[in-house]
Amino acid sequence: MKRRLPKPFFSNRPSKWLLLTSTLLILLGCLASQDQHPLTKAPQSSVHSQFILAGQETAAQLTQRYRDTRADCGAPSRPAFLCSGILLRGTNPSPDYHAWDPSDFSITSGGVSFSYLRTDAKYKVLAYNYKNGFFFSPYLRSEGKVHPEVLCSFVIDGHTFERPTEQGCGVHIRYPDSGSCRNQGITTAAQWLAHYDRVTGDAQRQQHQCAFDVRDALNEQATAAFNTSLAAMKLIPGESFAMENELRIATWARNIPTQLPIEAFFYVNDGLPGAQHDQRDFFQVTGINIPIIRMTLPAVAANDATFEFRPQDQADQDELVIAPSVMVLDGLSVKASWPRLRDSVGNSATRVPSGGQPPYRYVSSAPTVVSVNAAGKVVGERNGSATITVYDTANHSVSYPVLVGNVYLLGVQPYPFENVHAANAWVASQGGHSPGYAGAVDLAHSFGLPLPPGTIGAQNYWLLTTEGCPAGLSLYYSYQSAVYGCGNNAQSGLGALYMISY
């Protein structure tokens, strides 16, 4: 007579990579001058003519520098980034911090990530799909300001969150030979490409790449290194256009906004409310009104970025606004009742308003589907849709829709199956399916290893996928060792971890 399987248990709750080694260990990481900007009242129904002229001039200067492809700034010891091109940083608006202040991670690591934009270093999206941020004025044209040292140049995003040494310019945690190009004798674009292509996979190559050292003390060598990084972009035209490059700049002190060479706040696509939030925040802190520039990145490599100052974009202190576009949260998220360390990637986002009378109050029309906290962070709790409404203290409101997908509930079956095929058959009979490789990554990212329940029934649990495993083996999780591994499909005595659409 067949034994009856014990009832599995689920969470009933109403945010970087899985590296396969011999034991499939998971390594997780990701993951202004008053002369330049006249003191004017923040723009409301109209904008002061001097502010309009200053904004238009800023847009013209950005366009000119974008097109300026000089090799140096008048001397071999002055790299081009000191006077040409555009140094930019993408940011998220938040009431909890100032966009221009370095993050806790930047304070710890000693470096801040920027990107360099020029007609010979163009790309179509910002890092992490940021929609707004700020530009630094060129150092040689912003006398009297703090000029944090430019440290190194990555040809393409360098995954610097996982480069704990040399202020983010050093070795990536997964590749011992990913240190600086200079230390490896890599001085040409062709040598860089050969090193870059030594591993396969887009993310793996980005992690494996070396950075070109451009620190001040290197003088002429810094100029040559930066120009080599630009030349290397031409050797991977598809990849370098699809993803931004990365420059690491030395971390500066917090709470020094007037000392920073902030040239303008910018936005792309529907990022205007974020830029307005930062413009207003900067004005409230400093009394200086920095212009907002609409930046349009090229959709195809044959086109160029454009920069436009629009008076109607400048913040209206009286109007409560927020980006009205649909927020889509469709990153894979496996929900469980365990304490969560992080949000699943792609399952949360923060959107804050600007204007009105803060503080703001956020309300979800369906909190069990979409939750929102007091800082405006939205989390997809289960598949479906909801509307987030934001109120200011005058009870004015704005709203935007949210769509959530790819959310699953974790099922744990501790009964020891005869083999992986029996586990698969039982899970299918329950309407469930494998978490897959991506689900394993999400579990470790969101809850950490070891997974919270500890040993329950079986010592090991099938994840019911062969992804990342040799033939005849399937992925499993060991509570004893707190690692993922590959086990023989015929192995008995394992339970199952699986997912049900939620």
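Side notes on the structure shown:
- Residue satisfying condition, being under 29 Å from residue 108 (Cα atoms) and part of a strand (DSSP E or B), within set 230, 151: 151
- Selection from region 458-473 of residues that are within 17 Å of residue 415 (Cβ to Cβ) and in a strand (DSSP E or B): 458, 460, 461, 462
- Unmet criterion (only one of (1) in contact with a helix residue (DSSP H, G or I) (Cβ under 6 Å, 6 or more places away or on another chain); (2) aromatic (Phe, Trp, Tyr); (3) at pLDDT below 95) for residue 479: (1)
- Each residue in region 351-371 was checked for being at pLDDT below 95, surrounded by 17 or more Cβ atoms within 10 Å (Cβ to Cβ) and either in a loop (DSSP other than H, G, I, E, B) or in contact with a Ser or Thr (Cβ under 8 Å, 6 or more places away or on another chain) (or both), and 6 pass.
- Residue check for residue 498: in contact with a Pro (Cβ under 9 Å, 6 or more places away or on another chain) and assigned to a strand (DSSP E or B): yes
- Residues in region 317-332 that are surrounded by 19 or more Cβ atoms within 10 Å (Cβ to Cβ), touching a Ser or Thr at 6+ places or on another chain (Cβ under 9 Å) and in a loop (DSSP other than H, G, I, E, B): 320, 322, 331, 332.
- Filtering 207, 259, 191 for residues that are surrounded by 18 or more Cβ atoms within 10 Å (Cβ to Cβ) and at pLDDT 95 or above leaves a single hit, 207.
- Selection from region 333-347 of residues that are buried (at least 20 other Cβ atoms within 10 Å of the Cβ) and not charged (D, E, K, R): 333, 334, 336, 344, 347
- Against the numbered list (1) more than 30 Å from residue 319 (Cα to Cα); (2) hydroxyl-bearing (Ser, Thr, Tyr); (3) more than 30 Å from the chain's Cα centre (by Cα), residue 484 comes up short only at (3).
- Among the residues of region 372-415, those that are surrounded by fewer than 19 Cβ atoms within 10 Å (Cβ to Cβ), under 25 Å from the mean Cα position of the chain (by Cα) and among the small types (Gly, Ala, Ser) comprise 374, 375, 384, 385, 399, 405.
One line per residue, one yes/no per condition, for (1) modelled with pLDDT of 95 or more; (2) surrounded by 15 or more Cβ atoms within 10 Å (Cβ to Cβ):
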position: 59; (1), (2): yes, yes
position: 67; (1), (2): yes, no
position: 76; (1), (2): yes, no
position: 82; (1), (2): yes, yes
position: 85; (1), (2): yes, yes
position: 94; (1), (2): no, yes
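- Test for residue 245: is it among the polar types (S, T, N, Q), surrounded by 18 or more Cβ atoms within 10 Å (Cβ to Cβ) and within 20 Å of residue 106 (Cα to Cα): yes
- Any hit, region 216-239, residues being surrounded by fewer than 18 Cβ atoms within 10 Å (Cβ to Cβ) and in contact with a helix residue (DSSP H, G or I) (Cβ under 6 Å, 6 or more places away or on another chain): yes
- Residue check, residue 308 surrounded by fewer than 20 Cβ atoms within 10 Å (Cβ to Cβ), charged (D, E, K, R) and part of a strand (DSSP E or B): yes
- Residue that is surrounded by the most Cβ atoms within 10 Å (Cβ to Cβ) [pool: residues in region 482-495 that are touching a helix residue (DSSP H, G or I) at 6+ places or on another chain (Cβ under 9 Å) and part of a strand (DSSP E or B)]: 494
- The condition of being of a type in the set (Ser, Thr, Tyr), part of a loop (DSSP other than H, G, I, E, B) and surrounded by 22 or more Cβ atoms within 10 Å (Cβ to Cβ) holds for residue 123.
- Test: residue in region 388-406 that is in a strand (DSSP E or B) and of a type in the set (Gly, Ala, Ser): yes
- When the criteria are applied in full, residue 222 meets the requirement of being at pLDDT 95 or above and either in contact with a Phe, Trp or Tyr (Cβ under 9 Å, 6 or more places away or on another chain) or of a type outside the set (A, V, I, L, M) (or both).
The values are calculated or read from the model by the stated rules, or taken from the named source; none is laboratory data. This one's a predicted model, so the numbers in the text were calculated from it and none came from an experiment. Note that we place each Cβ from the backbone using ideal geometry, even for glycine, and neighbour counts take in every protein chain shown.
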